[in-house]
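Before any comments, here is the structure.
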Amino acid sequence: MTGPSTPFEPLRVSRLSQQTGYARPFFQVQNPMKVASSAMEVMTDLRFVSAGTVAGDHDLETATQKMVARGVRSLLVTDAHEDVVGIITSRDLLGGRPGEVMRARRIRFAQLRVSDIMTGGEHIEVLQLADVLHARVGDIVATLKHSGRQHALVAEAEPHSGKLRICGIFSASQIARQLGVRIDKHDLSDTFADIDLVMSAQSDVRPGPDPRPAPTP
């Protein structure tokens, strides 16, 4: 195998100058999150952040280890074709679902698989990216409350094949954290109640008087 016809050359370099800033991800804002902010600001965008996944036939210990390693509370569940078939959360792993399945099927914990306790695709709300682009944080909260779910997925069509793909994830706990709500509860209704308090406080804010001088008659 022959090498490149043009020799490799080092690029031009310079010294780091004073007052040099740094790039921030799209939709990152410096001001505190508001319920009227763009919904994109609270979406985990899988076009920029790699998705956390686990195969449905893996054991629960594997799912737990993956969540801990990535510092997340949910994973997309995939099949042999790497298509998304569900979602599993820390609430699924730590709640009563594993015990219920063990008793019903008379199996040991080590025999449980992710597919046994995950939320299957038929029970997951999927939003369209085209709608999310024009939505507000409060709209997403209303969507999650209406469905009674902790998470919602966002989908778009692949540009070339047209196949639907998951491109984003909304999490009630993530939204709460970005709104400044401390998350130390496992009950979803408590999380929504805390978010409602923030939303109510923000809706009570009224614009102050216009500082501009009144026009001369």
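The values are calculated or read from the model by the stated rules, or taken from the named source; none is laboratory data. Source: prediction; values computed, not measured. A quick note on method: Cβ atoms are made from the backbone with ideal geometry, for glycine too, and the neighbour counts reach across all protein chains shown.
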Show the residue pairs meeting these rules: Cβ distance below 6 Å; 6+ apart or different chains; first residue within region 153-175 and within 14 Å of I87 (Cα to Cα) and surrounded by 14 or more Cβ atoms within 10 Å (Cβ to Cβ); second residue among the polar types (S, T, N, Q) and modelled with pLDDT of 90 or more. I169/T44
I'd like the full set of residues that are in contact (Cβ under 8 Å) with a residue 24 or more places away in the chain and either in contact with a Ser or Thr (Cβ under 7 Å, 6 or more places away or on another chain) or under 20 Å from F192 (Cα atoms) (or both), limited to region 133-142. A135, R136, V137, G138, D139, I140, V141
Which one of the conditions (1) under 22 Å from R177 (Cβ atoms); (2) part of a helix (DSSP H, G or I) does G99 fail to meet, given that it meets all the rest? (1)
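Touching a strand residue (DSSP E or B) at 6+ places or on another chain (Cβ under 7 Å), crowded, with 16+ Cβ neighbours inside 10 Å and touching a residue at least 12 places away in the same chain (Cβ under 8 Å): does that describe L129? Outline the logic, then answer.
On the way: touching a strand residue (DSSP E or B) at 6+ places or on another chain (Cβ under 7 Å): yes; crowded, with 16+ Cβ neighbours inside 10 Å: yes; touching a residue at least 12 places away in the same chain (Cβ under 8 Å): yes.
Taking the combined requirement at face value, the residue satisfies it.
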Hey, does region 188-196 have a residue that's at pLDDT 85 or above and either buried (at least 19 other Cβ atoms within 10 Å of the Cβ) or part of a strand (DSSP E or B) (or both)? no
Here the residues within region 69-96 that are in a strand (DSSP E or B) and under 14 Å from the mean Cα position of the chain (by Cα) are S74, L75, L76, I87, I88, T89
Which residues, counting only those in region 174-187, are in contact with a helix residue (DSSP H, G or I) (Cβ under 6 Å, 6 or more places away or on another chain) and either in a helix (DSSP H, G or I) or at pLDDT 70 or above (or both)? I175, A176, Q178, L179, V181
Please go through region 35-45 and pick out each residue that is buried (at least 18 other Cβ atoms within 10 Å of the Cβ) and part of a loop (DSSP other than H, G, I, E, B). V35, S37, M43
Can you run down the residue pairs with Cβ atoms below 8 Å, 6 or more apart or on separate chains, where the first is in region 57-73 and farther than 15 Å from I117 by Cα and the partner is part of a loop (DSSP other than H, G, I, E, B)? K66/G52; M67/G52; M67/R73; R70/G52; V72/G52
Scanning region 71-119 for residues that are touching an Asp or Glu at 6+ places or on another chain (Cβ under 7 Å) and small (G, A, S), which turns out surrounded by the most Cβ atoms within 10 Å (Cβ to Cβ)? S115
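Can you tell which of G95, G121, G71 is of a type in the set (G, A, S) and closer than 21 Å to F192 by Cβ?
Working: G121 fails: closer than 21 Å to F192 by Cβ; G71 fails: closer than 21 Å to F192 by Cβ.
Criteria check complete, one pass: G95.
Restricting to region 70-81, give me the number of residues that are farther than 12 Å from G52 by Cα and either modelled with pLDDT of 95 or more or of a type in the set (D, E) (or both). Let's see the steps before the verdict.
Pass one, region 70-81, residues farther than 12 Å from G52 by Cα: 79-81.
Applying the additional criterion that residues be either modelled with pLDDT of 95 or more or of a type in the set (D, E) (or both) yields 79.
The number of residues fulfilling the criteria is 1.
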